[in-house]
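Notes to accompany the following structure.
Values quoted throughout were computed directly from the atomic coordinates according to the rules given, and no laboratory measurement underlies them. The shown structure was predicted, so the numbers you read here are calculated from the model rather than taken from an experiment. Glycine also receives a Cβ, built like all others from the backbone with ideal geometry; neighbour counts cover every protein chain displayed.
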Amino acid sequence: MMLLKLILAVFLPPVSAFLQVGLGLHFWINIILTILGVVPGMVHAFWLVLIDKK
């Protein structure tokens with residue numbers, strides 16, 4: 001599952017963030033970062049998946 005989230009972090013960062021944290025604050029931060037620029041959204045999504053607080 002982690003591999004899928006990492007792949008999604010490259011192509012669809014908000015989907016990866018949603019799968020990791022749900023509709024929480026980090027999901028909305030990721031949406032904003034992705035709108036401002038795709039790379040910041042990717043970095044944030046990677047960070048969410050790799051930290052894995054669950």
Simple SL model, points at 7 angstrom along Cα→Cβ for Val43 and Val15; separation in nm is 2.4 nm
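From the gyration tensor of the Cα coordinates in the chain, what semi-axes in whole Å does the equivalent ellipsoid have, largest first, with each one equal to sqrt(5λ)?
Numbers: eigenvalues 45, 29, 14 Å².
Equivalent-ellipsoid dimensions as semi-axes: 15, 12, 8 Å.
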Taking the Cβ-Cβ separation of Leu50 and Leu25 as r and a Förster radius of 25 Å, what is the calculated FRET efficiency to the nearest 0.05?
-> 0.90
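Over the chain, what relative contact order in percent results from Cα pairs under 8 Å that are six or more residues apart?
Working: 54 pairs, mean separation 20.0, N = 54.
Computed value for the chain: 37 percent relative contact order.
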